[in-house]
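What follows is a set of notes on a single structure, which appears directly below.
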Amino acid sequence: MPLHAPDHGTTVENALVQALAGFSIVIVPGLDGSGPRHWQSRWELFLRPRGITVHRVRQVDWARPTYADWKSQLQQTLRACHQPVILVAHSLGAVLSVRMAREHALDGVAGAFLVAPADIDHHHGPDSGRVASFGPLPATPLPFPTMLMASQDDEWLSMSRARHLATQWQATLVNAGTVGHIGNHAHLGLWPDGMKALDGLARSLVIHTTPPL
């Protein structure tokens with residue numbers, strides 16, 4: 001599903017803050033972590049002063065990840081949350097999130113915003129060995145509503161594979177355009193396209209989780 005042209009500026013930002021009220025955001029960075037210019041870091045700095053609860057997964061070793069170690073840190077972060085959680089995960093962090101969701105259900109997680117999940121089953125680049133312990137990718141529906149945002153020129157995830165994974169996970173696929181792996185080198189600023197997509201997911205979760213009158 002292609003993303004419509006965003007309304008850039010404070011309208012998008014303010015709408016997102018309103019949509020996230022009542023949720024805890026758990027930021028799940030990927031391989032090598034998310035630096036200060038990464039959209040995840042910028043979102044964290046933007047949302048916290050505006051009253052949104054944001055937790056960030058901290059890993060002991062960002063460069064030499066193991067699934068067991070990273071899983072433990074995500075579990076610890078989730079235990080600190082006291083509101084319904086939206087996972088905001090990038091790359092290997094998205095893979096961590098979906099694998100844990102299939103193994104442990106992740107009670108308390110209302111939904112997931114997965115950006116450029118690393119296709120560890122098909123990627124054969126120089127970093128493929130560092131992420132091998134996270135495979136294989138789940139091939140069944142995830143237990144909560146999910147949005148998968150993918151780029152048309154991502155070296156870690158082809159658009160055809162993004163469509164395939166979205167179908168398997170029953171996730172809504174959003175085309176992010178041509179922004180590479182959507183990571184530290186993308187220079188996206190606050191990334192209004194991503195904000196608008198997350199806003200849509202959050203509002204759908206409110207409708208989904210609000211009991212009828």
Report summary line: Scanning segment 101-131 residue by residue, those in contact with a Leu (Cβ under 8 Å, 6 or more places away or on another chain), more than 23 Å from Leu20 (Cα to Cα) and at pLDDT 90 or above turn out to be Arg102, Ala118, Asp119, Ile120, Asp121, Arg130, Val131
Query raised in the report: Between a first residue in segment 67-86 that is of a type in the set (Asp, Glu) and a second residue that is assigned to a loop (DSSP other than H, G, I, E, B) and surrounded by 13 or more Cβ atoms within 10 Å (Cβ to Cβ), which pairs have beta carbons less than 9 Å apart while being 6 or more apart in sequence or on different chains?
Result: Asp69/Gln59
Report summary line: Within segment 142-165, residues being of a type in the set (A, V, I, L, M) and more than 22 Å from Pro192 (Cα to Cα) number 2
Query - Check on Ala5, at pLDDT 95 or above, small (Gly, Ala, Ser), under 18 Å from Gly200 (Cα atoms) and surrounded by fewer than 17 Cβ atoms within 10 Å (Cβ to Cβ) - result: no
Query raised in the report: Would you call Met195 hydrophobic (A, V, I, L, M, F, W, C), farther than 15 Å from Ala89 by Cβ and in contact with a Phe, Trp or Tyr (Cβ under 8 Å, 6 or more places away or on another chain)?
Result: yes
Report summary line: All conditions in (1) under 24 Å from Thr172 (Cβ atoms); (2) touching a strand residue (DSSP E or B) at 6+ places or on another chain (Cβ under 6 Å) are true of His122 except (2)
Query raised in the report: Being out of contact with any helix residue (DSSP H, G or I) (no Cβ under 9 Å at 6 or more places or on another chain), assigned to a loop (DSSP other than H, G, I, E, B) and surrounded by fewer than 16 Cβ atoms within 10 Å (Cβ to Cβ), is that true of even one residue in segment 39-61?
Result: no
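The values are calculated or read from the model by the stated rules, or taken from the named source; none is laboratory data. These numbers come from a predicted model, not from an experiment. Heads up, the Cβs are rebuilt from the backbone with ideal geometry, glycines too, and the neighbour counts pull from every protein chain shown.
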